[in-house]
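The values are calculated or read from the model by the stated rules, or taken from the named source; none is laboratory data. Note that the coordinates shown come from a computational prediction; the quantities given were computed from them, not determined experimentally. Quick reminder, even Gly has a Cβ in these numbers, built from the backbone with ideal geometry, and neighbours come from all protein chains shown.
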Amino acid sequence: MSGMNQSDLDIDELKARIREQASAMRERAAAATPLPPDGSSVWSFNWLEVKSRLKIAAGLAQLGVLPLLPRFHGVKRQLALAASRVVLYVTRFLTTRQSDFNVCALDALRGIGEALHAVETRVVQQQEQIRLLEATISQLQLRVASIGTPRRGELERKAS
Amino acid sequence: MTRIAIVSLTISHGDAVGNDALEMGRILSARGHTVAWFSSHWVKKGEHSRDLAELDDFLADDPEAILIYHHLVGWTAGLDQLRRAVCRRVVKYHNVTPGRFFAGFPGDKVRICQLGREQLRDLAKADCDLYLSASQYNQGELIDAGAPVERCAVVPPFHHIDRLNQVQADADVLRRLDDGFTNLLFVGRRAPHKGHRFLIDAFAAYHEHYDRNSRLVLVGREEHKLSCYSNRLREQASRLGVIDNVLFIDGVTEAELKAYYQRASVFVLASEHEGFCVPLVEAMALQVPIVAYGTTAVPHTVGDAGLVWEEPDPFLLAQSIDTVVRDAAVRRSLTERGRRRYQQLFTNQRIERDFLHALRPLAA
């Protein structure tokens, strides 16, 4: 397909090919034993997902906000909003403290999340370094083995 | 100049209908009309945002005024206002999700959606002056419900892509997704008709048989009272052994959304019901190739700019993703087609032209 421009692309032909390949892959997959779960993803921290949830929580953290009351209209809505204002005013001694707590807890969670993510990044980097070092050791061991025993004995004598 | 009321159950930045209603009003306002937006529940009010109860005062029985009613779910108060109005009336139909998708979930979505479907017939027979639809598919439904063909026009929804183009992509998201993994992206609220279960099945097939270094990013707010739906999706991903590679991202900023598009190798869609699907247009504009399950309005929106299938077969979707990811020529061709389709049909300038053309008999 290389060198093809957009006018060359025959979607129907491409779809027919994809359909055939998908069918072949389905058959191969049915015949194969399922792979075990990927070991590298045993511990994984979806920071983007956590961050998006923290953002939603931050939006809800402040209590004492008037509800939208979408089910009420006209006079009923005005009355319901007035009642909500009264309830919010009366419970202010509780909601203020709860809001403060929510904000503090969220800040702490955010900090823990960032720290955890940093630790995870370091662990992944160290695992990669270990993998590289292991590969280097293996190569060195092979080179040592490839040097003949007499030559090695000579080298050992010189070293001593 | 004409007094124009734009009426919708919800109007807020960040959702497709809200963007459409707000931009529509901005365009009419720039042409010198007096525009106000009316809703029964506002998330955030602007200068010209008003409660539905104030609509009668605004229209003031002026027969030359125009009421533009956005129909998306059942809303009796809104429909009553439309019926009562003595001015010229325009319906913008965004489609109503069939209630069956929400059966078994908490909340009254089934009732609201069924009511919306019933009210579509009432709207179609309400002898309005103009019926606008977001897609050919929606227009077909309106005509089937009894709307007069000669008063129907297709006008895609206005969108926020101009803002997405201007905004700087979020550096944090860009950095975190730049790790050599293949990123498959879906954007859309987390609701049962969006076909997440097909996406997860397809991703599991792709992840296991094509590319272990891949992830599925599901960007979209969890629907109210549908946390159990999210839980089911997580269970499914867990059962298939891909839970660590499926990201559920709620509520993103425009900068973050742009970053997700920029890091996406493929935009995948398996929705079972779409009235138009703005994210498809976002993908085309931001040059992300599309692989989709082609139900309802999806084929009309994508055209020849993506690989669209009539069945949500996981291996078919997985093989399509693999082809797009591996074959640079296919990828380039699809993104070029998408970009061209966006520029020809779906830019806000083009939509503005279509909208004003359709509205010309009513407002100069």
Are any of the residues in region A:71-91 among the basic types (Lys, Arg), within 14 Å of chain B (Cβ to nearest Cβ) and not in a helix (DSSP H, G or I)?
-> yes
Among B:Arg26, B:Arg50, B:Arg89, which is the only one that is of a type in the set (Lys, Arg) and either in the same structural domain as B:His193 (by TED's automatic domain parsing) or in a helix (DSSP H, G or I) (or both)?
-> B:Arg26
Take the residues of region B:295-308 that are crowded, with 21+ Cβ neighbours inside 10 Å and touching a strand residue (DSSP E or B) at 6+ places or on another chain (Cβ under 6 Å): which is farthest from the other protein chains (Cβ to nearest Cβ)?
-> B:Val298
B:His273 is checked against (1) more than 14 Å from every other protein chain (Cβ to nearest Cβ); (2) over 22 Å from B:Arg221 (Cα atoms); (3) of a type outside the set (Val, Ile, Thr) and fails just one. What number does that condition carry?
-> (2)
Out of region B:241-258, which residues are in a loop (DSSP other than H, G, I, E, B) and buried (at least 21 other Cβ atoms within 10 Å of the Cβ)?
-> B:Val242, B:Val252
Per-region count, region A:8-47, residues at the interface with chain B (Cβ under 7 Å from one of its Cβ atoms) and at pLDDT below 80 = 7
